[in-house]
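See below for the structure under consideration.
Just so it is clear, none of the values below were taken in a lab; they were calculated from the coordinates. This one's a predicted model, so the numbers in the text were calculated from it and none came from an experiment. In this analysis, Cβ positions are derived from the backbone assuming ideal geometry, glycine residues included, and neighbour counts consider all displayed protein chains.
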Amino acid sequence: MAGNLYVVAAPSGAGKTTLVRLLLESELDVQLSVSYTTRDPRPGETDGREYHFVDTAEFRAMIDHHEFLEWAEVHGNFYGTSKTWIADQLAAGRDVLLEIDWQGAQQVRLLFAEAIGIFILPPSMEELTRRLTGRGTDSAAVISRRLAAAQAEMRHVGEFDYVIINDQLEQALDDLRAVVRASRLSLAAQRARHAALFARLI
């Protein structure tokens, strides 16, 4: 695998989407894998940019044809990642980032053991509650379900390589950049990216 595969997961409200967006704006060599989903687009979302929006029947057909690297049902909707696209990008030496949940991360590690897992935590449950409530898009019942799900999701933090606590956004973004840049300097990554140089020097 010449490129790095970053797997970023977090409970709802931890700030994962914002951190990933800011990272991609500053690290142009990292490509976001656009997942497939059966949920409805939110205001401002575009098909093919945030997600590939499909109906449940089409998603199930893709499962039957083994087209997904990973897929999961989250909050009543399906999400999945294209296996072929990921493999092609990595083979070409490109870094790819997956923004998925812990279930998807488990499935990815079965096929890509070298994947770099990054989990984003909120600074407290109180802050997580404030963020989810502040969105103004969900009912109290939905927020309550999301908080319960968040606590269950955070119990899987031990399955990841790096943990970033998103208290101050700029610090959390610096931490995320540090993980990406340091991983590119590992021996395995440098050997893959600069094979000709290694052959000449060593």
For P(r) over Cα pairs in 10 Å bins from 0, in percent, with candidates (1) 8, 33, 38, 17, 4, 1, 0; (2) 8, 29, 31, 21, 9, 2, 0; (3) 7, 24, 21, 16, 15, 9, 4, 3, 1, 0, the value calculated from the shown model is option (1)
Would you work out which of 41, 178, 151 lies farthest towards the positive end of the dipole of the chain? Charges go on Cβ: Lys and Arg +1, Asp and Glu -1.
178
By the scheme Lys and Arg +1, Asp and Glu -1, what is the net charge of all other residues having a beta-carbon under 12 Å from that of residue 71?
-3
Computed about the Cα centre, the charge dipole of the chain from +1 Lys/Arg and -1 Asp/Glu charges at the Cβ has a magnitude in debye, to the nearest 20, of 400
What does the C-alpha gyration tensor say about the overall shape of segment 112-202? Classify as rounded when a/c is under 1.5, otherwise prolate if a/b is larger than b/c, or oblate.
prolate
Looking at the chain only, what percent of DSSP beta bridges run antiparallel? Nearest 5 please.
30
Considering the options 164, 189, 201, tell which one lies farthest towards the positive end of the dipole of segment 157-202, charges being +1 on Lys and Arg and -1 on Asp and Glu at the Cβ, about the Cα centre.
201
Would you mind working out the magnitude of the charge dipole of segment 91-176 relative to its Cα centre, with +1 at each Lys and Arg C-beta and -1 at each Asp and Glu C-beta, to the nearest 20 Debye?
420
Putting +1 on Lys and Arg Cβ atoms and -1 on Asp and Glu Cβ atoms, find which of 15, 105, 82 reaches farthest to the positive end of the dipole of segment 1-158.
15
Euclidean distance of C-alpha centroids, segment 74-123 and segment 148-171, integer Å:
16
Plugging the Cβ-Cβ distance of residue 202 and residue 40 into 1/(1 + (r/R0)^6) at R0 = 41 Å yields, to the nearest 0.05, a FRET efficiency of 0.15
